[in-house]
1. Heavy-atom accessible area per residue, the chain, 1.4 Å probe: how many Å²?
2. How much FRET efficiency would the formula 1/(1 + (r/R0)^6) give for residue 118 and residue 73, where r is the Cβ-Cβ distance and R0 is 30 Å, rounded to 0.05?
3. Report the residues of region 84-117 in range of a label on residue 61: point 7 Å along Cα→C-beta, backbone N strictly under 13 Å from it.
4. From Cα pairs below 8 angstrom and at least 6 apart in sequence, can you work out the relative contact order of the chain, rounded to a whole percent?
5. Would you please give the FRET efficiency between residue 13 and residue 45, computed as 1/(1 + (r/R0)^6) with r the Cβ-Cβ distance and R0 = 22 Å, to the nearest 0.05?
6. Give me the percent of DSSP beta bridges within the chain that run antiparallel, rounded to the nearest 5.
7. Which net charge results for the neighbourhood of residue 8, defined as the other residues with beta-carbon distances under 15 angstrom from its beta-carbon, given Lys and Arg at +1 and Asp and Glu at -1?
8. Express the carbon and sulfur contribution to the solvent-accessible surface of region 26-88 as a percent, rounded to the nearest whole number, probe 1.4 angstrom.
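The values are calculated or read from the model by the stated rules, or taken from the named source; none is laboratory data. For clarity, every value in this text was computed on a predicted model and none was experimentally measured. In this analysis, Cβ positions are derived from the backbone assuming ideal geometry, glycine residues included, and neighbour counts consider all displayed protein chains. Accessible surface is based on the protein model in full, side chains and every heavy atom, while ligands, DNA and RNA are left aside. Shrake-Rupley method; radii C 1.70, N 1.55, O 1.52, S 1.80 Å.
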Amino acid sequence: QVELVESGGGLVQAGGSLRLSCVASRRLFSVNTMGWYRQAPGKKRELVAAISGGGYTFYDDSVKGRFTISRDYPKNTLYLQMNGLKPEDTATYYCATLTQTPYTDTFYPTGDWGQGTQVTVSS
């Protein structure tokens, strides 16, 4: 059973915007910190943004001020609003469940991943 399903990727020009969505099962969404990772060809997967159940948010420095993570509980949906996109944002984006080391900005995936959605930013 697929429990995390991403959508919203596409091709956009530099400076443009996209909003990614991840519909999750209630089992995963209601009790977990959630986040977005991305992986570009030849590079390791990196955490872009995270949001706890209480609404605490974390952003990688490369996307601060441009990306916004949010979650809609009635819809069991995680979002990533991406503005001011740059060619270096080109990657496959994955939503995932996370665990957070208390009182730190250290997050670890807990093993649930979506299938990914491709974001391509042209210059």
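1. 52 Å²
2. 0.65
3. none
4. Contact order relative to length: 35 percent.
5. Result of the calculation: an efficiency of 0.30.
6. Values: 38 of 42 bridges.
Percent antiparallel among DSSP bridges in the chain is about 90.
7. That works out to +1.
8. 50 percent
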